[in-house]
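The structure appears below as structure tokens.
The values are calculated or read from the model by the stated rules, or taken from the named source; none is laboratory data. If you're wondering where the values come from, they're calculated on a predicted model, not measured in any experiment. Note that we place each Cβ from the backbone using ideal geometry, even for glycine, and neighbour counts take in every protein chain shown. Keep in mind that these areas ignore ligands, DNA and RNA; they rest on the heavy atoms of the full protein, side chains included. Shrake-Rupley method; radii C 1.70, N 1.55, O 1.52, S 1.80 Å.
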Amino acid sequence: MNSPTAPLIRPIVQTRDIQTTKLVSPIKDQNLTVLERSKQLAAWTAVDQHVKPEHRVIGIGSGSTVPYVVERIVQLGAEANEERVFIPTGFQSKQLIVESGLNLGDVDQFPTIDVTLDGADEVDRELNCIKGGGACHLREKVLAEAANTFILVADYRKNVEHLGTTFKQGVPIEVVPFAYAKVLQNLHHIIGSPEASLRMAVKKAGPVVSDNGNFIIDAPFDQEKMKDPFTIMAQIKMLTGVVEVGVFCHMAKAAYFGNQDGSVTIKWNDGRIEQVVASQ
Ligand SMILES: O=C(CO)[C@H](O)[C@H](O)COP(=O)(O)O
């Protein structure tokens, strides 16, 4: 882990329709792949911009980008974090919080969260996103909804015009186990996802079981249908037996994407796109 550095962001330089910001790259002495470096850049920049000194309750998402969020938060120092409580979206983030020596809480104790930072499988131009690649989207949506500010962090592969462009495995759907076959039938014959299937575990026989004891269905839709993510989300959510749908519509304030060239693209919910450029 790196030692604390100065804030990454320097003053914004306005260009025609994209704002350009300079930052000092935090990672040149690290042995990270380009992909990992892009995740780290997105996460660090988001923490620097959205975790404020006065924040006391912070939601921590799931996935492979979120450890860099926690890494940066730890770098803020023990004093900055001692009065804070961190709320996990699942087993992985709970472990991260505990192993990092941060205070653990739960959303039933703290139903209002100052800021939640989380990963995403894909984010479109309106900040709709697919989540649930790690089967955590039920708790992730609860923490997104509980948060005054919800921020997405991701690598360049997740930055798309329309959902379903690169993330082809489909919309993750958490279902209660006894209803999975009925929900699959509904998806195949009513909702329009003939390839929807139960997510199977890799190093265990049988289905993936979520942190809540439920099954996960992945439901791919054609490009045309994916252009209206709200309708897909609402239709699936109405099916009895569905607990939560991994489509988050208009929940995020901003999405941070680390790029291969060491820059970060920030999409804001007011339509602005900001380009953060590493200066070395
Ligand atoms: O939604 C999620 C887990 O349910 C993750 O946030 C999403 O899958 C992105 O993960 P990664 O940062 O590894 O790309």
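Only helices (runs of 4 or more DSSP H) wholly contained in region 65-126 count here; list those with 2 or more residues that are within 12 Å of the ligand (Cβ to nearest atom) and modelled with pLDDT of 95 or more.
Answer list for region 65-126: 66-75, 91-99.
If we scan region 139-150, do we find a residue that is away from the ligand (no atom under 11 Å from the Cβ) and either outside the structural domain of Ser38 (by TED's automatic domain parsing) or small (Gly, Ala, Ser) (or both)?
Within region 139-150 (the criterion being away from the ligand (no atom under 11 Å from the Cβ) and either outside the structural domain of Ser38 (by TED's automatic domain parsing) or small (Gly, Ala, Ser) (or both)), the answer is yes, since at least one residue qualifies.
All but one of (1) outside any strand (DSSP E or B); (2) surrounded by fewer than 22 Cβ atoms within 10 Å (Cβ to Cβ) hold for Ser193, so report the exception by its number.
(2)
Working carefully through the options Ser193, Ser279, find the one that is among the hydroxyl-bearing types (Ser, Thr, Tyr) and at pLDDT below 95.
Ser279
Within the set of pairs 6 or more residues apart or between chains, which connect a residue that is closer than 17 Å to Ser62 by Cα inside region 152-172 to a residue that is more than 8 Å from the ligand (Cβ to nearest atom) and of a type in the set (Lys, Arg) with Cβ atoms less than 8 Å apart?
Every condition considered, the pairs that remain are Pro172/Arg199.
Does region 163-175 include one or more residues that are open to solvent by 30 Å² or more (accessible area, probe 1.4 Å), basic (Lys, Arg) and more than 10 Å from the ligand (Cβ to nearest atom)?
yes
Tell me, yes or no, whether region 24-33 has at least one residue that is modelled with pLDDT of 95 or more and not acidic (Asp, Glu).
Taking every residue of region 24-33 in turn, at least one turns out to be modelled with pLDDT of 95 or more and not acidic (Asp, Glu).
Which pairs turn up if I take residues in region 65-82 that are closer than 16 Å to Gly258 by Cα and open to solvent by less than 50 Å² (accessible area, probe 1.4 Å) and look for partners that are away from the ligand (no atom under 16 Å from the Cβ) and of a type in the set (Lys, Arg) with beta carbon separation below 7 Å, at least 6 apart in sequence or on another chain?
As it stands, the answer is none, since no pair meets every condition given.
Would you say Ile130 is crowded, with 17+ Cβ neighbours inside 10 Å, more than 11 Å from the ligand (Cβ to nearest atom) and in the same structural domain as Leu35 (by TED's automatic domain parsing)?
No: the conditions fail for Ile130.
Checking Pro7 against (1) at pLDDT below 50; (2) assigned to a strand (DSSP E or B); (3) under 30 Å from Pro111 (Cα atoms): exactly one of these is not met. Which one?
Of (1) at pLDDT below 50; (2) assigned to a strand (DSSP E or B); (3) under 30 Å from Pro111 (Cα atoms), only one is false for Pro7: (2).
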